[in-house]
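> Could you have a look at this structure, given as C-alpha cells, before my questions?
The values are calculated or read from the model by the stated rules, or taken from the named source; none is laboratory data. Every value quoted in this text rests on a predicted model; they were computed, and no experiment measured them. Because the Cβ atoms are built from the backbone with ideal geometry, glycine has one as well, and the counts that use them run over all protein chains shown. Just the protein is used for accessible areas: all its heavy atoms, side chains included, with ligands, DNA and RNA removed. Shrake-Rupley method; radii C 1.70, N 1.55, O 1.52, S 1.80 Å.
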Amino acid sequence: MKSNIILSGVGGQGILTIAAIIDTATLASNLNIKQSEVHGMSQRGGAVQSHVRISDKEIYSDLIPKGKADVIISVEPMELLRYLPFLKKKGFLITDSNPFLNITNYPELKDLYAEIQSHPNTILIDAKKIAKDLGNAKATNIVLLGAASSLLPLSKESLKKAIKNLFERKGEKIVTKNLEAFEKGKEIASSLAV
C-alpha cells in the first residue's frame, strides 16, 4: 500500500495543520510516513505546500514524483492548479472554491472552476462557508480533510483521534467544532458520490 498526497494553499490557511493530522493518524496506524513542506513567504500570503507519503513499506524519498500524486488537497483553488503535473491519471482533486485574492491578475473564477472541473475526479466545495455555518471559520482546512478522508489509507477513527490530539490544548469547544467540520466535509463528499 502506498498513498501520495499533496497539500497546497496560502500561508495561514492550515496546510501544515492538515499535514500534522495526517502524520499523527498515520503513525497511530503503524504505517510509514515521509513529509516535506515549503513555506513560500507564508506570512505574506505566499504559497505553502506539503508532500505527504504514506506506505506499509519503507519510504525512501519525501518528495512525490510528477504524475504520482493520488490526491491533491488545496485550500486555495488557483494553488491547486500549480500541482496538477503531480497528479496521477486517476488521481483526485479536492479544493475550496474560495480564492485568496493576493494578486491583481487573479483569473476569472468561472475559468478557474472550469479548469479544475475538467478533471474527472474533482471535489470543488465551498468549504469556507461550511466552516462558517458550523461556527468556526478557521476550520475550512478540516472540512477539506473530511472531504478527502475516504481517499486516504487511514480510518475515520484515526483521523478524528488525531484531530482531538492536535486541538485538545485549545479546549473542548475547538475540538468539537473541528470534529463537526471533519464530519460535514466527509458527508458532503459522500453526497457527491466520490
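> Among Phe182, Phe86, what's the order by accessible area (1.4 angstrom probe), most exposed first?
Phe86, Phe182
> Now, a different point. Averaged per residue, what accessible area in Å² does the chain show with a 1.4 Å probe, protein chains only?
Here the residues of the chain average 50 Å² of exposed surface.
> Could you tell me the relative contact order of region 1-144? Use alpha-carbon pairs under 8 Å, at least six residues apart, and round to a whole percent.
23
> Suppose every Lys and Arg Cβ carries +1 and every Asp and Glu Cβ carries -1, with no other charges. What dipole size does the chain come out with about its Cα centre, to the nearest 20 debye?
Result for the chain is approximately 240 debye, rounded to the nearest 20.
> Got a number for carbon plus sulfur as a percent of the chain's accessible area, 1.4 Å probe?
Heavy-atom surface of the chain belonging to carbon and sulfur, 1.4 Å probe: 51 percent.
> Okay, moving on. Give the accessible area for Glu187 in Å² (nearest 10); use a 1.4 Å probe, count only protein heavy atoms, and leave out ligands, DNA and RNA.
Counting only protein heavy atoms, the figure is 100 Å².
> Okay, next question. Could you put Asp133, Asp62, Asp111 in order of accessible surface area, largest first, with the 1.4 Å probe and the full protein assembly present?
Asp133, Asp111, Asp62
> What residues have an amide H closer than 5 Å to that of Ala69, excluding those fewer than 5 places away on the same chain, when H is modeled at 1.01 Å from N in the peptide plane?
Here the answer is Leu87, Lys88, since their amide H atoms fall under 5 Å of that of Ala69.
> Given the pairs Lys89/Lys160; Lys68/Lys186; Lys132/Lys177; Lys57/Lys89; Lys68/Lys90; Lys138/Lys173, which are separated by over 19 angstrom at their Cα positions?
Lys89/Lys160; Lys68/Lys186; Lys57/Lys89
> With bins 10 Å wide starting at 0, give me the P(r) of region 147-194 over every alpha carbon pair, in whole percents.
Using 10 Å bins, I get a P(r) of 27, 50, 21, 2 for region 147-194.
> Take the Cα atoms of region 80-184, find their three principal axes, and give me the spread along each one in whole Å, biggest first.
41, 32, 18
> Another question, if that's okay. For Thr104, Thr26, write out the residues from largest to smallest accessible area, computed with a 1.4 angstrom probe and no ligands counted.
Numbers: Thr104 150, Thr26 0 Å².
Largest accessible area first, the residues go Thr104, Thr26.
> Now for a separate question. Between Ser150 and Ser191, what length in nm is gained on full extension when 0.36 nm per residue of separation is reduced by their alpha carbon distance?
13.5 nm
> For a distance above 21 Å, tell me the whole-number percent of Cα pairs in the chain that qualify.
Above the 21 Å cut-off, the chain has 47 percent of its Cα pairs.
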